Structure formats: structure tokens, C-alpha cells
Amino acid sequence: MDKEEFASVYATTYRGLLGYALRRCDTPEDAADVVAEIFTIAWRRAADIPHGDGARLWLYGVARRVLANHRRGVQRHAHKTAALRAGLTAPVHDDSPVTEVFRALSDRDRELLTLVAWEGLTVPEIAAVLGCSRNAVSIRLHRARKRFARALRAAGVDQPGPGRPVLRSELA
């Protein structure tokens, strides 16, 4: 089958295949993906497409198999999502002064501090994640730590070394 014949088959079957997919998919976007996959397969296997009305029927057979694969993919995704949700624990709601101060920081400062403290990344690794130089990360991180420490002091939270921050009222 040459390009002109393929274009003719596409033009005469596209709407019907799209309707077929729309009636069987949850979203129009999924249906569009299915139809795109149908014609990708048809293009790769153009030599196998029968002539005349056989082409339309052949494409519906392809559509049936593509939709079956799509449904299996949707089910796999749903199962994986459910397993992930089941494995997650409920978030801890910490309304301590430290948490409040941390939440009040800029998004940029919070991101830097969490990449170091929670994700355990080094300055070179953070530079790779953020797409900037190591020097820029070092400077930004130094400034973020200073702003965080200043905000903690302003909130009445002291930092007694490697342990957890402590409220001044707890020290008395």
C-alpha cells in the first residue's frame, strides 16, 4: 500500500475508529491515544492492510486489540495506584513552632533545606537537580540556613546542637 492509498484509508476510516474508541474509553484523550496507536500500527504494517472494505475491517481488528491493551494498562495503573495508596501512611500533622517557621519560609528555601535534610543530597547533587552551579547552591543553601535560623530565633526556638530544636520555655 502506498502513501496515497494509506491516506485514503485514513480519511475514510478515521471518524468511525474514533467513535469506536470514544465509546470504549473513559476519556477523549485516551480515545485519541488509542486511534493514534491504531494508525501507527497500520502505518508499520501497511503491506498487510487488505484493499477495499477489507481495510476498514482489518483496522477494527487492530482497534480491538489496541483497546484490550489499553484496558489492561488502565487496570495495571489502577492496581499500582491502589497499592501505593495502601502503602502510604497518613501524613503527620505537626503544628510545632519549628514546623510553622519552616512553612513560612519561601518555597525556594524550603526546597533547598529539604533536599539536604530529608533527601540527604549533597551540594553537587543538588546542583544537578536544580540545574545550577555548585557555587550557586552553596550560597543559596548558606543563606537559606541563615534565614531559617533567624526565623527560629524570632519564634522563640533555640537550637541546642545536633539534637532537636527546643522551645526556650522548655529550657526553663
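The values are calculated or read from the model by the stated rules, or taken from the named source; none is laboratory data. None of these values were measured; they are calculated from a predicted model. Note: ideal-geometry Cβ built from the backbone for every residue, glycine included; neighbour counts use all protein chains shown. Just so you know, the surface numbers come from the protein's heavy atoms only, side chains and all, with ligands and any DNA or RNA stripped out. Shrake-Rupley method; radii C 1.70, N 1.55, O 1.52, S 1.80 Å.
Can you tell me which residue among Arg56, Arg72, Arg65, Arg108 is closer than 30 Å to Arg15 by Cβ, open to solvent by 40 Å² or more (accessible area, probe 1.4 Å), touching a residue at least 24 places away in the same chain (Cβ under 8 Å) and of a type in the set (D, E, K, R)? First the steps, then the outcome.
Numbers: Arg72 fails: touching a residue at least 24 places away in the same chain (Cβ under 8 Å); Arg65 fails: touching a residue at least 24 places away in the same chain (Cβ under 8 Å); Arg108 fails: closer than 30 Å to Arg15 by Cβ.
Just a single option satisfies the conditions, and that option is Arg56.
List the number of the failed condition for His51; all other conditions in (1) assigned to a helix (DSSP H, G or I); (2) open to solvent by 80 Å² or more (accessible area, probe 1.4 Å) hold.
Unmet for His51, out of (1) assigned to a helix (DSSP H, G or I); (2) open to solvent by 80 Å² or more (accessible area, probe 1.4 Å): (1).
Return only the number of the condition from (1) of a type in the set (A, V, I, L, M); (2) over 30 Å from Val35 (Cβ atoms); (3) at pLDDT 90 or above that Leu88 does not satisfy.
(3)
From the residues in region 75-105 that are in contact (Cβ under 8 Å) with a residue 40 or more places away in the chain and open to solvent by 80 Å² or more (accessible area, probe 1.4 Å), which one is nearest to Ala155 (Cα to Cα)?
In the first step, residues of region 75-105 are kept if they are in contact (Cβ under 8 Å) with a residue 40 or more places away in the chain; the result is 97-98, 100-102, 104-105.
Then keep just the ones that are open to solvent by 80 Å² or more (accessible area, probe 1.4 Å); that gives 100, 104.
On the way: Glu100: 9, Ala104: 11 Å.
So, considering only residues that are in contact (Cβ under 8 Å) with a residue 40 or more places away in the chain and open to solvent by 80 Å² or more (accessible area, probe 1.4 Å), the one nearest to Ala155 (Cα to Cα) is Glu100.
Within the set of pairs 6+ apart or on separate chains, which have a first residue in region 1-21 that is under 13 Å from Ala36 (Cα atoms), a second that is part of a helix (DSSP H, G or I) and acidic (Asp, Glu), and C-beta atoms under 8 Å apart?
Ala21/Asp30
Any residue that is assigned to a loop (DSSP other than H, G, I, E, B) and either out of contact with any strand residue (DSSP E or B) (no Cβ under 8 Å at 6 or more places or on another chain) or of a type outside the set (Asp, Glu) (or both) - is there at least one of those in region 66-78? Working first, answer last.
Restricting attention to region 66-78, the residues satisfying the condition of being assigned to a loop (DSSP other than H, G, I, E, B) are none.
No; the residues of region 66-78 include none that is assigned to a loop (DSSP other than H, G, I, E, B) and either out of contact with any strand residue (DSSP E or B) (no Cβ under 8 Å at 6 or more places or on another chain) or of a type outside the set (Asp, Glu) (or both).
Do the conditions hold for Glu37, that is, is it modelled with pLDDT of 95 or more and exposed (fewer than 10 other Cβ atoms within 10 Å of the Cβ)? Please lay out each step first, then the result.
Values: modelled with pLDDT of 95 or more: yes; exposed (fewer than 10 other Cβ atoms within 10 Å of the Cβ): no.
Against the criterion (modelled with pLDDT of 95 or more and exposed (fewer than 10 other Cβ atoms within 10 Å of the Cβ)), Glu37 does not qualify.
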